[in-house]
1. Identify the residues of region B:481-502 with backbone N under 15 Å of a label point that sits 7 angstrom from the Cα of B:Asp474 along the Cα-to-Cβ direction, or state none.
2. Could you order the peptides B:515-522, B:481-488, B:159-166 from most to least packed, using the average number of other C-beta atoms within 10 Å per residue?
3. Relative to a virtual label point 7 Å from the Cα of B:Ile10 in the Cα→beta-carbon direction, which members of region B:206-239 show backbone nitrogen distances below 16 Å?
4. Partner chain Cβ atoms within 10 Å, averaged over the residues of A:27-35 - can you pull that number for me?
5. Relative contact order of region B:357-586, please, whole-number percent, based on alpha carbon pairs below 8 angstrom and at least 6 residues apart.
6. Take peptide A:14-26, look around each residue's Cβ out to 10 angstrom, count Cβ atoms belonging to other protein chains, and average those counts.
7. What are the lysines whose alpha-carbon lies under 25 Å from the alpha-carbon of A:Lys5, with same-chain residues fewer than 8 places away excluded?
8. Using Cβ counts within 10 Å as a stand-in for footprinting exposure, how do B:Phe18, B:Phe175 rank, fewest first?
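Bear in mind that the values in this text are calculations on the coordinates, not laboratory data. Predicted, not measured: the structure shown is a model, and the values here were computed from it. Note that each Cβ is placed from the backbone with ideal geometry, even for glycine, and that neighbours are counted across all protein chains shown.
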Amino acid sequence: MKVKKQLKLLREFLDSDLRKKRKQRLKLQGLLKRMKHKERNLKAFLRSETDAHRKTRLKHEIEVLHAQRKKGIAALKVAGAV
Amino acid sequence: MLNRILLPVIFMILGYGFWLSPEIKIVSAGVAIFLLGMLSLEKGFSAFSGGMLEKLLRRATGNKWQALGLGMLSTTIMQSSSLVSIIAISFLSAGLITLTAGIGIVFGANLGTTTGAWLVAGFGLKVNIASYAMPMLVFGTILLFQHSRNLKGLGYVLAGLGLLFLGIHYMKEGFEAIKETIDIARFAMSGYTGVLLFSLVGMFATVVMQSSHATLVLIITALAAQQVTYENALALAIGANVGTTVTAILGALGANASGKRLAAAHLIFNLVTGIVSVALIYQLVQIVDRISQFAGISDTNYTLKLAVFHTIFNLIGVVIMLPFVQPLVARLEKAIPEHVVEVDQPRYLSSASAAFADTAIEAVRNETLRVYDAGINIMVNGLGLRRIERGDALHLSVTRAAHHESGLKDIDAMYEQHVKTIYSAIIAFISETAFSRRDEQTASLQWLREANARIVESIKDTKHLQKNLRRYIDSSNQDMKDGYDTIRRHIASTIEVLNEMRGQQDGVMDMLGLDALKQATEDHRNSTTENVARLIGLRRISPEMGSSLLNDSRYAHDICMNMAKAAQTLFGASERELLLTARDVTLDDSELAELAEAVSTKNAEALKTFASGDKRES
């Protein structure tokens, strides 16, 4: 197992394309975390918001952010399969 | 001001004249019909512009002799020096011909008008001109009802000629009849006092009728009926020639520097010709007599002699002025300087910034932000939005800008001044640098190029939107007014949100947040479509109004979408690498549409559940 992991690291070290993809995947993961955090914040704002117009705007924002996250998770799955 | 006083005075004088004598009515109607004919003729020839006429005039750029010949020929054919002068001014303003060529055309046009005098004196008075007018009017009017542009143009020309002939006929008849009742000839004056006074009368008549040709025909017909002496008729013709420049000057007031220069050259030419002719009038009369004798014109044929005089004094003007065309051009260019509009120049694009990929991208981004700001500014001013200062945030309100002092600003002018040069420089800069970069950097530059194109697209859409907005901003139909206010309010709120996001500098999250704005734009368009259908159904707006509103809501949708997409590229530069990743999660147009659909279905279901719950409770 140890050898296998080391071989994988060596392959990544030698393959710049693979390295790049891994880096991108990590970035996407980080971004999705931030998005999740923002979605939670927005939901908290929505609960405390009383203005109807702002409430609708927040709802929209949450829906869009949710759809974006779903797209991001799908992209992450594809990137992980490579 | 002048018009406010002049018009009632003319109306009163004419009214008094009509009451005094029915013959004056006939002469005045003749002048009116003649002028109507001139208008119809001009309209007819304008229909042919965009083709032959332009090609012909464009060739006049060769030298002043060509220009002179062309001005003369075109005025002879069209019998309207003002149409030729207007076309020359528009060509000059568009930079298609030089001022020298323009002056040549105007000088030629002056010579060309002399053919009108020859035609009326030699042909119009000798034959029953009205018999030619009738078929022309009939055929012309039939052609006016045709769909083809050329046939319609021909119709206007024929009807115009018919009206000109009919006008001449009525003037001739009127003066013949006046001769029987009133003797206007008793007001004749001899000597230089008479020459000066009648020159002024001729000038005034031309200013009022806005056509020296009409004045000349009036003079010739009055002379034929012996209602005016030969000497006074010559003075009237000189005055008419000077008076025609007033029309050109009035027309050039709204033109650019080139147009004003040409109008000034026109005035100088006609003034010099007029002064020389007045000073040498008695010598000219002798020359006319000799030429007439040589040409076999009888000594008492004053109308033809007037045509000879008219030709000679215009020819003298050309002979005197032609050698001075170049100095005149130089003087005019100095005296009427070009008003140079300060155009915004690029600030960050330089060969130094192009040296490294990162600096090149940053320079293009900063320059694109300037284009973005200018674009927002154009939208605010072009759509009648007013900035309200309230803290740091931007607030916009909808104004009735049509009545506002500043009005809806000219979008083309603002684009030329603030965007075009920078945009062109950005495109050139990207084209020169993009190919030598790594893939990611090339992609960044391509996105920036796309962002620029989107901003420019938004400006063009704003221009389209402004067209109908001018029409409906103060419409008597409240629904149309409200519809356009809603469109403007939506654009205003989009600009506010964009501004807010830019201020927060939350980088990548801002960029993602713009998708919500794009979705709100989709929703707005859908609700506008539903609202328009409802209003048409209720007959509160006509289908034509509805289609305007739908088209313009589409423009508004595209404006907001494009600006949001441009902002997505521009904002959050501090996290450029992450921005590339974020592009993988932003929603495209079809995904946004899907989401909008899903949300509206969900809302409809919620409404249904709510309604059924209400029923159960009741």
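1. Hits in region B:481-502 for B:Asp474 at 15 Å: B:481.
2. On the way: B:515-522: 23.2, B:481-488: 20.8, B:159-166: 24.8.
For the peptides B:515-522, B:481-488, B:159-166, the packing ranking is B:159-166, B:515-522, B:481-488.
3. It comes to B:206-216, B:218, nothing else.
4. Working: counts 6, 5, 1, 2, 10, 2, 0, 6, 5.
Other-chain Cβ atoms within 10 Å of each residue's Cβ, averaged: 4.
5. Details: 261 pairs, mean separation 59.1, N = 230.
Once normalised by length, the contact order is 26 percent.
6. Working: counts 0, 0, 0, 0, 0, 0, 0, 0, 0, 2, 4, 1, 1.
Per residue, the average neighbour count from other chains is 1.
7. A:Lys20, A:Lys21, A:Lys23, A:Lys27, A:Lys77
8. Values: B:Phe18 14, B:Phe175 24.
Listed from fewest to most nearby Cβ atoms, that is B:Phe18, B:Phe175.
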